[in-house]
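One structure is given here, and the rest of the page talks about it.
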Amino acid sequence: MPLALLALAVGAFGIGTTEFVMMGLLPDVADDLHISIPAAGHLVSAYALGVVIGAPLLAALTARMSRRTVLIALMALFVAGNALSAFAPGDDALLAARFLSGLPHGAFFGVGAVVATTMVPPERKARSVSLMFLGLTVANIAGVPAATLVGQHLGWRAAFLGVSLIGLAAIASLALLVPRDGGRTAAPAGLRHELAALKSLPVWLALGTTVAGFGALFAAYSYVTPMLTESAGFAETNVTLLLALFGVGATAGNLLGGRLADHSLRGTLFGGLTSLGLVLALFPLLMRAEWSAAAAVALLGMAAFVTGSPLQLMVMEKAAAAPSLASSANQAAFNLANAGGAWIGGLALAAGFGTTSPALAGAMLAVLGLGVASVAWAVDRRRVTPSAGRVVTSHVPEQSGALHH
């Protein structure tokens, strides 16, 4: 695999670290800025809002630029946002800085995924995307715990300065390892052309699959701590280690999904969503003992992230005329899934259905994701012939993740 994928993974590692580290530092930030924990929670929402807005907008506005230049510029914006977070004088300034930090997130992964696929043979496209996402999953194992530890001992501002240094390392890696002409768009297009490419029904079905599929994950994962402590009986001090198991499972699932999707993109997607639904449906049983609860957390990460690379590649191929914009829009869909899944899981808890009820809500979302993916599959296989006025079936090859529209 090209060394340029390492540069993309470094950037993904930094982004993954800054996205999740705030959750571990909320008490420290709230205490230092003299705000409540719920008010500090808005800092998490501000970042997610930045991702949703910045992902399609920045990808569209930079459509005519060399993708290598775009990646470096996005990482520079990332460094600026985290540096401003470290020196924010108050909660309003920190809120703005977190929003700024989130702006380049989706566009970096979106454009980076396109660059990754252009540097490998067609039969390794999904694997190349999974290697870039490896930085994101490893961040949950090493980056977030390390940054949280730094923040707790040296102050939360030091944690964001450390993340800024990771961003600088990513800029250097991108400048050295990504070819100058390797990421240039073959046919530069303007904003109107990029947006027009998103009018396709298959693109929206692919994005809908992402929202439902990863919404299933976040419906349960957002409330995994009370499940582990109240249902499985773990002490709160053990939760951090258990969440690292989720990162291990996510890393394994990401690599497995990339390898399998290069053989059958659609099969990997259906298999991953089915596995995710089964794992979530079994959560009430698995959370009855410590050993099975620990296994459930790892399996949740694996089942969910098996679908990551297939979903990213499918969206890109459905919008071949604007892959950078579509890929970035998929990152916005991931964050919508984060917010929507957590909301739906919270509704199950608020309704009094029990501590593990968010997992069952997630299982229903996984079934919904399978339904949307099935509709997308049917749209691919059947099309109306205007002249004959009849429906004909066309075979859609799955080898090497090739989807024909």
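General observations
- Where a residue in the range 127-154 is open to solvent by 40 Å² or more (accessible area, probe 1.4 Å) and its partner, wherever it lies, is not in a helix (DSSP H, G or I) and not aromatic (Phe, Trp, Tyr), with Cβ under 9 Å and at least six apart: 127/1; 127/120; 127/262; 131/1
- Verdict on residue 170 being farther than 17 Å from residue 372 by Cα, at pLDDT below 75 and either surrounded by fewer than 15 Cβ atoms within 10 Å (Cβ to Cβ) or of a type in the set (A, V, I, L, M) (or both): no
- Members of the range 82-95 that are part of a helix (DSSP H, G or I) and open to solvent by 60 Å² or more (accessible area, probe 1.4 Å): 84, 91, 92, 95
- Failed condition for residue 274, given (1) touching a Ser or Thr at 6+ places or on another chain (Cβ under 9 Å); (2) open to solvent by 30 Å² or more (accessible area, probe 1.4 Å); (3) in a helix (DSSP H, G or I): (1)
- Whichever residue in the range 332-359 is more than 30 Å from residue 15 (Cα to Cα) and aliphatic (A, V, I, L, M) and, among such residues, is least open to solvent (accessible area, probe 1.4 Å): 348
- Total residues in the range 263-319 satisfying the condition of being farther than 23 Å from residue 377 by Cβ, within 18 Å of the chain's Cα centre (by Cα) and polar (S, T, N, Q): the figure is 0.
- Among the residues making up the range 55-71, a single one is at pLDDT 90 or above, hydrophobic (A, V, I, L, M, F, W, C) and either within 19 Å of the chain's Cα centre (by Cα) or open to solvent by 40 Å² or more (accessible area, probe 1.4 Å) (or both): 71.
- Residue match in the range 71-88 (condition: touching a His at 6+ places or on another chain (Cβ under 9 Å) and either of a type in the set (Lys, Arg) or farther than 20 Å from residue 150 by Cβ (or both)): yes
- Pairs with Cβ under 6 Å, 6+ apart, first in the range 356-380 and in contact (Cβ under 8 Å) with a residue 60 or more places away in the chain, second open to solvent by less than 20 Å² (accessible area, probe 1.4 Å) and not in a helix (DSSP H, G or I): 356/287; 380/396
- Any hit, the range 246-257, residues being in contact with a Ser or Thr (Cβ under 9 Å, 6 or more places away or on another chain), surrounded by fewer than 24 Cβ atoms within 10 Å (Cβ to Cβ) and hydroxyl-bearing (Ser, Thr, Tyr): yes
The values are calculated or read from the model by the stated rules, or taken from the named source; none is laboratory data. None of these values were measured; they are calculated from a predicted model. FYI the Cβ positions are ideal-geometry reconstructions off the backbone, even for glycines, and counts take in every protein chain you see. We work out accessible area using only protein heavy atoms, side chains counted, and drop any ligands, DNA or RNA first. Shrake-Rupley method; radii C 1.70, N 1.55, O 1.52, S 1.80 Å.
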